[in-house]
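Below: one structure, written as structure tokens.
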Amino acid sequence: MRNRYRAVLTLSGLGVGCVVASLALYALLHLVPPSAALGWTRRTISSYALLSNGWVFDVATLLLAAGSLAVLAALRRAGVARQGAVVALLLWVAGLVGVVWFEKHNWAVGPSFSGDVHRAASLLAFLSLPAGALLAAAPHQRGPGAQRPARLVALGGVASLLCFSPILWALLSEPWTGVRWWRAIPLGGVERLLGLAEVTTVLLLARWAVSAARSARTPDRATAVTARR
């Protein structure tokens with residue numbers, strides 16, 4: 001049990017380190033040229049990939065994918081992620097990789113197949129993480145020990161879905177408003193808020209994995225102390 005706790009702690013720490021590094025790189029894109037000149041309220045985060053320092057976006061996104069995968073491994077070792085949650089979180093990671101592998105539309109040139117796949121990968125990532133968080137947390141809402149961390153993870157999933165709702169509203173209202181969905185809302189700002197909610201959810205998942213492993217370790221310690229007596 002001690003080895004399992006150490007493994008969960010190591011995987012969670014690795015995951016958090018990668019996620020924090022990715023956040024730092026995303027922040028850097030908002031501060032240094034030429035990406036700093038991009039209007040962040042309207043332009044999506046992946047628009048940075050089309051600039052000369054777009055490699056920073058690629059590295060940040062792959063770090064987030066790697067960190068999420070490490071956190072998922074920690075959840076599995078801690079025994080708190082069932083099959084449905086694992087599949088959803090793997091789809092989140094796949095979506096992030098797809099966002100990097102397939103570049104978004106460069107409208108200076110025109111639409112492309114790569115841009116269509118990029119958009120689908122973005123949608124997959126944005127929806128898979130909250131689904132995975134809610135699926136993981138649902139069976140543990142009333143359990144002992146991990147109750148509060150599980151609720152926080154569920155809250156992160158709900159917050160992520162709420163942040164996505166303006167995009168859904170813009171898509172559904174387009175037929176009768178006549179306003180293209182990406183113009184109906186400040187898409188860049190909404191996407192950044194959604195991204196922040198989802199990254200926070202990943203960090204909450206890492207915290208939950210450590211908390212669950214620690215809770216499982218405590219009874220074993222108590223048993224060992226009793227046996228020595």
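Go through the stretch 89-114 residue by residue and tally those that are surrounded by fewer than 24 Cβ atoms within 10 Å (Cβ to Cβ) and either modelled with pLDDT under 95 or over 17 Å from A133 (Cβ atoms) (or both). It would help to see each step written out before you state the result.
Restricting attention to the stretch 89-114, the residues satisfying the condition of being surrounded by fewer than 24 Cβ atoms within 10 Å (Cβ to Cβ) are 90-91, 93-95, 97-98, 100-114.
Adding the requirement that they be either modelled with pLDDT under 95 or over 17 Å from A133 (Cβ atoms) (or both) leaves 97-98, 100-114.
Looking only at that region, the number is 17.
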Per the list (1) assigned to a helix (DSSP H, G or I); (2) small (G, A, S); (3) without any contact (Cβ under 8 Å) to a residue 24 or more places away in the chain, residue check on A108 breaks on (1)
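When you go through A133, A170, A137 one by one, which is the residue that is open to solvent by less than 10 Å² (accessible area, probe 1.4 Å), in contact with a Gly (Cβ under 6 Å, 6 or more places away or on another chain) and either at pLDDT 95 or above or small (G, A, S) (or both)? Working first, answer last.
Working: A170 fails: in contact with a Gly (Cβ under 6 Å, 6 or more places away or on another chain); A137 fails: in contact with a Gly (Cβ under 6 Å, 6 or more places away or on another chain).
The match here is A133.
Check V80, V99, V93, V86 and return the single one that is farther than 23 Å from Y26 by Cβ and under 15 Å from the mean Cα position of the chain (by Cα). Explain how you work it out, then say what you get.
Working: V80 fails: under 15 Å from the mean Cα position of the chain (by Cα); V99 fails: farther than 23 Å from Y26 by Cβ; V93 fails: farther than 23 Å from Y26 by Cβ.
Only one candidate passes the filter, namely V86.
Please verify whether V86 is farther than 22 Å from L194 by Cβ and either in a helix (DSSP H, G or I) or open to solvent by 40 Å² or more (accessible area, probe 1.4 Å) (or both), treating the condition exactly as stated. Quick ask: steps written out before the conclusion?
Numbers: farther than 22 Å from L194 by Cβ: yes; either in a helix (DSSP H, G or I) or open to solvent by 40 Å² or more (accessible area, probe 1.4 Å) (or both): yes.
The answer is yes for V86.
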Among the numbered criteria (1) over 23 Å from T201 (Cβ atoms); (2) touching a Leu at 6+ places or on another chain (Cβ under 7 Å); (3) in contact (Cβ under 8 Å) with a residue 40 or more places away in the chain; (4) buried (at least 18 other Cβ atoms within 10 Å of the Cβ), which single criterion is violated by V16?
(1)
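I need a count of the residues in the stretch 73-83 that are free of Cβ contacts under 8 Å to residues at least 60 places away in the same chain and in a helix (DSSP H, G or I).
Quick first cut of the stretch 73-83, residues free of Cβ contacts under 8 Å to residues at least 60 places away in the same chain only: 76, 81-83.
Right, trim to in a helix (DSSP H, G or I) and you get 76, 83.
Residues that pass the stated criteria total 2.
The values are calculated or read from the model by the stated rules, or taken from the named source; none is laboratory data. Please read all numbers here as calculations on a predicted model, not as lab measurements. We place every Cβ from the backbone using ideal geometry, glycine too, and count neighbours over all the protein chains shown. To get the accessible areas, we keep the full protein, side chains included, count just its heavy atoms, and leave off ligands, DNA and RNA. Shrake-Rupley method; radii C 1.70, N 1.55, O 1.52, S 1.80 Å.
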